[in-house]
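Q: Below is a structure I'd like to ask you about.
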Amino acid sequence: MSPKQVPAVGVDPYFPTHGDARYRVHRYELVLDYRPGPNRLAGSARISAVAGTSGAGSAAGPGAAGEPLREFALDLAEFRVGRVLVDGKAVHYTHRAGKLRIRPAKPLPAGAAFTVEVHYSGNPRPVRSQWGGLGWEELTDGALVASQPVGAPSWYPCNDRPADKATYLISITTPSPYTVVVGGRLLTRTTHASSTTWVFEQAAPTSSYLVTVSIGHYQTVLLTEADPAAGRVPQTAYLPARLLPEFTYDFGRQTRMMPFFESMFGRYPFGEYAVVVADEELDVPVEAQGVATFGTNHVDGTRSSERLVAHELAHQWFGNSVSIADWRHIWLNEGFAKYAEWLWSEHVGGRTAAGHAAVAHTLLSGLSQDLRLADPGKKLMFDDRLYERGGLTMHALRRALGDAAFFQMIKDWAAIHRHGVVSTAEFTAHAGQYAAGGSLDGFFDAWLWEPGLPALPL
Ligand SMILES: [Zn+2]
């Protein structure tokens, strides 16, 4: 990545009240206790960060430029906040309207590493949004977290912007009958009296919205064992035991999806993959780092949701490993994931990718043409048209580049930006390098920037 291609990682234009570009987080260590009955969450977050204006100095690392940090903010919903410590010393803070503003005893020089410790407790509730509740959600008997895009502060203090990726150590103590699923590797599980503490490590850089928790009465099913010699990661499922027969059929081909997508996109980016079927209906499944969460309504014994199984798995490469600098670029996540659905369909003898593209084109032709794919605006960022046109744009790009160049381009994109942060401008510059005729500027203007639907390339 050349310096001029470094994406801006400042405040998100769609969510200007989320995140703080004046520092970067390297690691979160959360030690939490959750009681499902009263829906009570209590614990602490220890955050290791570096002071510095990441917007101006990101090419050379945080702290390359900038004033000392006199104050900074974490995003945290309505909890009772106890002590807040910076580098081990109690500090002044205010907590209002989802912002925990912290004033260190002494300004932190640009480039200085520091730690923040926040002790908090309360009844976690979803963050309200135009898409409904986001983040921590109490279930009939348990809880789950689905934060995209701005629900993470519903359960832990964070620098809530997708570009600020960090590693995580998460410890959750809850009554022993419950199973706890968090993305990453389970390090230990220890039972004392009637409670069990589950400790997970997520060693890959992770955006705050992709950190998940599921707590429920789940049966654990190992779908594929790890085989490091063959480069194979373990795949595990957690589901209500009564759904096992339907689940076994519906998710039966996921273990084949993994090598298929690896042949298309390159090596799987994380150490494991888990799917959770929460004991509740969910509008849509949702991806998290190394995990996808489905609802009971996605399991019916007829594979009717298999395209979503493919979609969520594809997000591990596109969205979770290769992450967007801010939410304007959401089509990069959803366009790739949609196109992965079509590739999978063709691979298993269903409708071809070209067939799906034709259907999507017909569908979009009949809908209003007011969505700019590369900057849809907050209101339309999860509009169905963004998904369809995103997949369609991938297919049109494949037609423009030819199969060999297109698939090489995708593989290289996933490899170059593995565990990184990207923007649409970087993608168009990258794809342009694979065009035999030189520039793709006209192509991208039409497909990404003009709302009107271009003709379907044959
Ligand atoms: Zn998606």
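Every number here is computed from the coordinates shown, using simple stated rules; none is lab data. Every value quoted in this text rests on a predicted model; they were computed, and no experiment measured them. Neighbour counts are summed over all protein chains in view; Cβ atoms, including those assigned to glycine, are modelled from backbone coordinates with ideal geometry.
Q: If neighbour count is taken as other Cβ atoms inside 10 Å, put K338, K106 in order from fewest to most.
A: If I rank by nearby Cβ atoms, fewest first, I get K106, K338.
Q: As I understand it, the dipole of the chain uses +1 on the Cβ of Lys and Arg and -1 on the Cβ of Asp and Glu, about the Cα centre. Which of V348, T179, I102 lies farthest toward its positive end?
A: Highest projection toward the positive end goes to I102.
Q: Going by a ≥ b ≥ c, the root eigenvalues of the Cα gyration tensor, does segment 319-452 fall in the rounded group (a/c under 1.5), the prolate group (a/b larger than b/c) or the oblate group?
A: The shape class here is rounded.
Q: Just to be sure I understand the model, the point goes 7 Å from the Cα along the line to the Cβ. What's the resulting L367 to R303 distance in nm?
A: 2.6
Q: For S176, project a label point 7 Å along Cα to C-beta. Then give me every residue of segment 193-223 with its amide nitrogen under 11 Å of that point.
A: Within reach of a label on S176: 193-197.
Q: Considering Cα pairs under 8 angstrom that are at least six residues apart, work out the relative contact order of segment 283-375 and quote it in whole percent.
A: Once normalised by length, the contact order is 22 percent.
Q: Okay, moving on. Can you give the extra length, in nm with one decimal, that the chain gains between A193 and A105 once fully stretched, where that is 0.36 nm per residue apart less the Cα-Cα distance?
A: That pair, A193 and A105, stretches by 27.6 nm at full extension.
Q: At what distance in nm do the modelled label points of H419 and A354 sit from each other, each positioned 7 Å from its Cα along Cα→Cβ?
A: 4.0
Q: Just in segment 225-291: which GluC sites (Glu not before Pro) are loop by DSSP and have at most 13 other Cβ atoms within 10 Å?
A: Counting only loop positions with at most 13 other Cβ atoms within 10 Å, the GluC sites (Glu not before Pro) in segment 225-291 are E225, E281.
Q: Can I ask one more? Over segment 366-458, what is the relative contact order in percent, taking alpha-carbon pairs closer than 8 angstrom and at least six residues apart?
A: 41
Q: How high is the relative contact order of the chain, given as a whole-number percent (alpha carbon pairs under 8 Å, six or more residues apart)?
A: 12
Q: Hey, another quick one. Can you sort D300, D283 from fewest to most other Cβ atoms within 10 Å of each residue's own Cβ?
A: Fewest to most other Cβ atoms nearby, the residues stand as D283, D300.
Q: Charges at C-beta only: +1 for Lys and Arg, -1 for Asp and Glu. How large is the resulting dipole of segment 76-219 about its Cα centre, in Debye rounded to 20?
A: 540
Q: Right, something else. Under 14 Å from the Cα of K411, which aspartates and glutamates turn up, not counting those fewer than eight places away in the same chain?
A: Of all the aspartates and glutamates, those that pass the test against K411 - Cα under 14 Å, at least 8 places apart if same chain - are E262, D403.
Q: Exceeding 30 Å between C-alpha atoms, which entries from my cross-link table qualify? They are K99/K165; K338/K379; K89/K379; K99/K338.
A: Beyond 30 Å: K89/K379; K99/K338.
Q: Please rank H315, H361, fewest neighbouring Cβ atoms within 10 Å first, as an exposure proxy.
A: Arranged by neighbour count, lowest to highest, H315, H361 become H361, H315.
Q: A follow-up question, please. Classify the chain: rounded, prolate or oblate, from the alpha-carbon gyration tensor (a ≥ b ≥ c, eigenvalue square roots; a/c under 1.5 rounded; otherwise prolate if a/b is larger than b/c)?
A: Taking the square roots of the gyration eigenvalues as a ≥ b ≥ c, the chain is oblate.
Q: Could I ask something else about it? In the neighborhood of G142, defined by Cβ-to-Cβ distances under 12 Å, what is the net charge if each Lys or Arg adds +1 and each Asp or Glu adds -1?
A: Result for the local shell: -4.
Q: Sticking with this one: Assigning unit charges at the beta carbon (Lys, Arg +1; Asp, Glu -1) and nothing else, what dipole magnitude in debye, to the nearest 20, does the chain show about its Cα centre?
A: 1140
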